[in-house]
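The structure under discussion appears below in the form of structure tokens.
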Amino acid sequence: MILQLLTGGVLLGCVYGLVSMGLSLIYGVMGIVNFAHGALVMLAMYVSYWLNTYVSLDPVIGTPIIALIMFGFGMILYKLVIKRVLKGPFLARMLVTFGLSIFFINMAQFLWSPDYRNIQGAISKGTFMLGSVFIELPKLVASVGSLIVAALIYWFLRKTKTGLAIQAISIDRSAASLMGINLEKLNAIAFGIGIACAGAAGSLLASYYYIFPDVGTMFGLVALVAVALGGFGSTEGALIGAILIGIIETLGGFYIGPEYKYALIFLSYVLIVIVRPKGLMGWGAD
Amino acid sequence: MANNKRFIYTLLIVLGIAIVLPLVLKARFQQHILVLVMLYAVLGEAWNIMAGYAGMVSIGQAAFFGIGAYVSTILFVKFQVNPWIGFIAAGLVTAAFATVIGLPFSRLRGRYFAIGTIALGQMIKVVFENWPWVGGATGMIIDMKKGSFWNFQFHASKTGYYYIALGMLVFVVVYIYIMERSKMGFYFKAIRENEDVATGLGVNKTKYKLLAIAISAGITGMCGTILAQYQLYVEPAYMFDHTISVTIALIAVFGGSGNIIGPILGSVILMPISELTRAWMGSSGSGIDLMIYGVFIVLMCVFEPDGLMGIARKAGRRLEARREKEVAA
Amino acid sequence: MKKNSLVVRMVLALMMVAVLFVPMMGSAAPATIKIGTIYPLTGANATTGADCMSGVEMALDIINNSYDIDFPFAKTVGIPNLGGAKLELVVGDSRGDATVGMAETERIITESKVCAFFGGYQSGVVKTTSMAAERLQIPYVLSDATSPTLTERGFQWFFRVIPHDGIQAKNALEMVNDIEKKEKVDLKKLAILWENTEWGASVAVELRKWAAHYGYKLVADISYVYKATDVSAEVLKLKAANPDIIVHAAYVSDAILFTQTMKAMKVAPKVFIGMAGYLDPNYVGTVGADAENIFVRGVYGLDLAVSKPYVAKINELYKKKYGRDMSPNAARSFTAPFVIADAINRAKSTKPEDIRKALLETNMPASALITAYDGVKFDPVTHDNTLAKSLYLQIQGGKLRVVWPFNLAAVPYSYPFAWGK
Amino acid sequence: MSELVVKNVTKRFGGLTAVNDVSFSVKSGEILGLIGPNGAGKTTLFSCLTGFHRPDAGSVVFEGRDIAGWSPNNICSIGIARTFQVVQILQGMTVLENVQVGAFLRYPGAAAARDKAIKVLEKVGMSKRAPVKAVNLTLPEKKRLEVAMCLATDPKVLMLDESMAGLTPTEIQEATSMLRQLREDGLALIVVEHVMEAIMPISDRIMVLDSGAKIAEGTPREIASNERVISAYLGDKYVKRCKV
């Protein structure tokens, strides 16, 4: 049983991690805590749903396409809104994403009605046994996706010129701009990538999870805690934080009681952050 | 000093309007909006003490709000204690709770604190949901009594609740006005601006952070009692709702935080918009009302990040410039 | 000097608010009989709210227009005893929130001067909406929320048509008992699974009570957080308990998630009973074949048409309008406007007090209802419907078929429960 | 007459010993210059003395009490104040308000604190800037404001961390005369400075840190001719300049 729980926890954690990494990247580069991340995951789920309905694109196979679409959307969002608040005070930066979240959720309701939808017959359906452990295929696929995304981000940040420049900004903005780095463009790209991660997450989630306007809220909240737990600005930290949360959720849910599982997640966040005020792998200013 | 006087006169005029308002707007829904405006103005001010002045941004005020609501309700339902005593007790218990919780929380900074408060709100909610003595998820119903000031219940008209909330607001505004000019206010702001500098200048940051949290929580808890008495029903899902926490922060920031007028302005504008758009468009179930609300917040953050007070200040400067021109001419 | 602008700003702000208030000032003279209702039209339960609303709209259509159906108010236009005055519906959105629900109810009652109120759907919301009606002394007819606490408050103006959770829980275990007898099996291990909300908690209380009464062993008593992102811990717990019977009280989003996770983890009880969310057309639509053979608590099923021919006709009308069969949720909500219309018709008045008196004397026969109740007659003290009764349906071929009580069953139930491929 | 006596203070960060067994003392009416190359541990030493770091070993005795490990605010309230190497002020508040925060320590009443703050601003020559938001000041002004904030707490010991960096020669003149004035007022001053022209003439004694350890202490003249100091830190050009 414990093995089953751990497996389930890690898989779930990877799914959360997928949502969290984009959030963490965005924070690391532009210091914005994106409370609209859950709503963007929801939008990606709808995009995935419509692509599946109209052009029979499987959500798993379509993940890169949806990530690309969301990348574009992220760039537009950056140009229209985020760019304008970057220089604003901390609170405005924080609340603008609350506003966006309220807007997106209700826009989805307005455009697509509150009905639940799900994608029938995605290629990753069903379960299989690995020894005595059940593994849900869609979650496994999402987890693998999550690891691929983590690897891509790692590669991008460390091996590409743009990625290195983005890292430079997240360490020291003013120095980076002195070095002739085009902040504007890089911010837009980084935000786009963050949202693309939300896109990938949404698409993989859509392969097994039902879709409705409010679906992203809880994912967004858990992801936020995962990012804070891992330490703001560290994508690896976000993934580790998310996996930790997944394990706490399944183990705690089983041994202590499902009604307490979210409370346990939040409690462990508070305990960890009190001991390590910058999260597990965090650095930089508050 | 003349400015101060003018400021106080302005406040008195506004207070006068506020006192007369429910006599003009008599419809029940209008009065409902008025009650909410007042209640959220107080909640916004309470948030302001903690976040606007002392720099600890909370998105978990619902924890304090709900605890306050439950304290008075438990006292009334289980021990038949008059809600007015419950009202005071709510403030005290919530403040005490906040002090205990604040001790570890005061170590957290910036967004780690903010997310910590989100976590706190969710945890407290779960505790109450699973606490059979207070009705668990089913909540508690407050028996309807004869509507009177003494019973803290008003049925024929909502003006009673309105004036209680208004009274709270006056109290809180006067308190903040004095605080702003006193050692406590300066120390709060110093902590907000730079904790290291503050402690280097002899500010006991833990003590003052706890003070800010406790005062803010106490006021928020008392507001919880008002809402509990208003709807005569408490349930964890509503009293500890994350939306309450978000709305409180939105109102204060929308109006302009770290400022005595900001949260009031925010509540005066935002609450009617939220309630009226729902009344006009909500029955379609399309979500248009909340879309408008969302757009409003985004626009405000984008174009006037300092909130309504930012606009007011700019307009003031422009006015001043024009007057100077006139004088010159 | 800059403070000076404050005065200007303040006045402007106040003016802005005043402007917002203006359109609410006037209210039209009542040419029709206005009745108010409220449902969660946005938020997590919006889909169910919309489903309920379509039932309500159907009811109003039948009352206000003339149709050749053998059903009260169908052949006539409007309320006969009031010269054919039509009912006009004023709708509010509770957002699934108690405070909003109360405010909307009050607004509708005072602004639109409705003479009666109904609806609500979620028990937690109905607690405050009914409170608002009680304060304003407007009759409130509830036909879709089941928490027993609602009628324990001794309200004067509040009436409930639907059986409360106590009766429904009792019926669930009675059905299991009947199945055991018929199949000659012995099912002992009961698991109850409930969302930790006002409604879920009260279902759990009633189920525990009746489980003890009927001698079932409670092997799992699991509550979970509403709108969960993942329920594997809950389902594993369920699996560890290995129950014969599972009763699940959930709204639709969790019903979907649990069904999928239980199937994935191969948790298969002999009898699987679902409540509330399982009735939602979205549920079957989303999980498809996985819903097969789940028993669902309900008060209505299309199969009732066998004994009540008008059920089929009303469903036809409904289908023409909404393109799908009437769901049990829609049918529940459909009932309240008729109870109100009946009371207004007998009272020959739209005064709230007269309607209240008429409601107390309500005695509607089973033939005036599309639901399975034996009629509508309110208990003089609690105002619960003494003739209320619940049905059990089973999802067969994607449709909800009436299978219990056996005398009303349209098709035989299928036993034991098993997951499809 | 009070004296700050530091004995064997050591501070380690992981494997790095930032302050290594440093002892010294400073008393009222005395200016102690503290010099050393970058990374010598000067700022860390300040932080150990003012409570921002807890020393791993050693004692810091002031007026008969060992204050090592006390919190910064308590150390401030017994009369030890410091400025920061990277200027630290309350950016969003006005100059007057900044100083008032310091003044509240000894004058809890609002009016008294305000009077005190105005007096201190006069003393440091910033009265005219009182209503300006601190964020809008020039860097030298910010440094001066920081000193004013410390002075408002009526310190007996004042530690200045590179307060004269970036000042013009005239401004250095003003600053040094202010420091002399403070010495006459009876304060004990510990001054970290890179600007040798400023620190050499005003210091009564100079202490030199290198790699966390004290390598020399003496009058400016002695230090200027100390071989070890020259090789460790000063270099030839400074030696020539200082040999007056």
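What follows draws every value from the coordinates through simple rules; no lab data is involved. Predicted model, so just to flag it, every value in this text is computed and none were measured. Because the Cβ atoms are built from the backbone with ideal geometry, glycine has one as well, and the counts that use them run over all protein chains shown.
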Region A:235-277 and region A:27-44 have their Cα centres apart by a whole-number Å value of 21
Counting Lys and Arg as +1 and Asp and Glu as -1 over every other residue whose Cβ sits under 14 Å from the Cβ of A:TYR255, the net charge comes to -1
Log10 I(q)/I(0) at q = 0.18, 0.20, 0.22 Å⁻¹ for region B:48-142, from Debye over equal alpha-carbon scatterers, is -0.85, -0.99, -1.11
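Quick check on region C:78-198: what does the Kirkwood estimate of hydrodynamic radius come out to from the alpha carbon pairs, in Å?
16.7
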Here the averaged projected area of region B:27-328, based on the convex hull of its alpha-carbon atoms and given in nm², is 18.4
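With the Cα gyration tensor of the protein assembly as shown in hand, convert its eigenvalues to equivalent ellipsoid semi-axes via √(5λ) and list them largest first in whole Å.
63, 36, 26
Magnitude of the Cβ-charge dipole of the protein assembly as shown, K/R +1 and D/E -1, about the Cα centre, nearest 20 debye?
With Lys and Arg at +1 and Asp and Glu at -1, about 1960 debye.
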Descending packing, highest mean Cβ count within 10 Å first, for C:94-102, A:252-260, B:246-254 is B:246-254, C:94-102, A:252-260
The alpha-carbon center of region D:175-238 and that of region D:127-174 are separated, in whole Å, by 20
Here the whole-number average of other chain Cβ atoms within 10 Å per Cβ of B:126-138 is 6
Partner aspartates and glutamates whose C-alpha sits under 13 Å from that of A:LYS139, ignoring same-chain residues fewer than 8 away, are C:ASP230
Placing +1 on each Lys and Arg Cβ and -1 on each Asp and Glu Cβ in the protein assembly as shown, then taking the dipole about the Cα centre, the residue among C:THR149, B:VAL71, C:ILE63 whose Cα reaches farthest towards the positive end is B:VAL71
Per principal axis, largest first, the Cα atoms of region B:1-109 extend in Å by 42, 40, 23
Here the net charge surrounding B:ARG278, from other residues whose Cβ is less than 11 Å away from its Cβ (Lys, Arg +1; Asp, Glu -1), is -3
Using eta = 1.002 mPa s and T = 20 °C, Stokes-Einstein with Kirkwood Rh from Cα pairs puts D for chain C, in µm² s⁻¹, at 96
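Summing Lys, Arg as +1 and Asp, Glu as -1, what charge do residues with Cβ under 14 Å from the Cβ of A:LEU25 carry, A:LEU25 excluded? Could the numbers behind the result be given before it?
Numbers: positive: A:ARG158; negative: A:GLU236.
Every neighbour counted, the sum reads 0.
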Expressed as a whole number, the average count of other chain Cβ atoms within 10 Å around the Cβ atoms of D:74-83 is 3
Shielding of D:50-57 by other chains, given as the mean Cβ count within 10 Å, works out to 1
In whole percents, the bins of 5 Å from zero upward hold the Cα-Cα pairs of region D:86-154 as 4, 22, 34, 25, 12, 3, 0
Note on region C:337-414: the mean projected area of its alpha-carbon convex hull, in nm², is 6.4
Toy charge model, Lys and Arg Cβ at +1, Asp and Glu Cβ at -1: chain D dipole around Cα centroid in debye, rounded to 20, equals 260
With +1 at each Lys and Arg Cβ and -1 at each Asp and Glu Cβ, the charge dipole magnitude of chain A around its Cα centre, to the nearest 20 debye, comes out at 740
For C:PHE117, the residues 5 or more places away or on another chain with a placed amide H closer than 5 Å to its own amide H are C:GLY36, C:TYR140, C:VAL141
Normalised Cα Rg of region C:296-392, dividing by 2.2 N^0.38 Å with N its residue count, works out at 1.15
For the protein assembly as shown, the charge dipole (Cβ of Lys, Arg +1; Cβ of Asp, Glu -1; about the Cα centre) points to a positive end, and the Cα of A:TYR210, C:ALA347, B:LEU92 closest to that extreme belongs to B:LEU92
Cα-based Rg and Dmax for region C:148-251, in Å, come out at 15.2, 47
For chain D, the Cα-Cα pair-distance distribution in 10 Å bins from 0, as whole percents, is 8, 32, 36, 20, 4, 0
For A:93-99, C:407-413, ranked highest to lowest by mean beta-carbon neighbours within 10 Å, the order is A:93-99, C:407-413
Between the residues B:ALA190, B:PHE171, B:PHE149, the Cα farthest towards the positive end of the dipole of region B:27-328, that dipole coming from +1 and -1 charges on the beta-carbon of Lys, Arg, Asp and Glu, is from B:ALA190
Among B:LYS146/C:LYS348; B:LYS78/C:LYS351; D:LYS116/D:LYS156; D:LYS42/D:LYS119; C:LYS189/C:LYS263; A:LYS83/A:LYS261, the pairs whose Cα-Cα distance exceeds 26 Å are B:LYS146/C:LYS348; B:LYS78/C:LYS351; D:LYS42/D:LYS119; A:LYS83/A:LYS261
Computed on Cα atoms, the radius of gyration and Dmax of chain A in angstrom are 18.4, 58
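Please label the shape of region A:15-66 as rounded, prolate or oblate, based on the square roots a ≥ b ≥ c of the eigenvalues of the alpha-carbon gyration tensor (a/c under 1.5 means rounded; beyond that, a/b larger than b/c means prolate, else oblate).
It is prolate, given that a/c is not under 1.5 and a/b is the larger ratio.
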By the mean-Cβ-within-10 Å protection proxy, highest first, D:3-12, C:293-302 rank as C:293-302, D:3-12
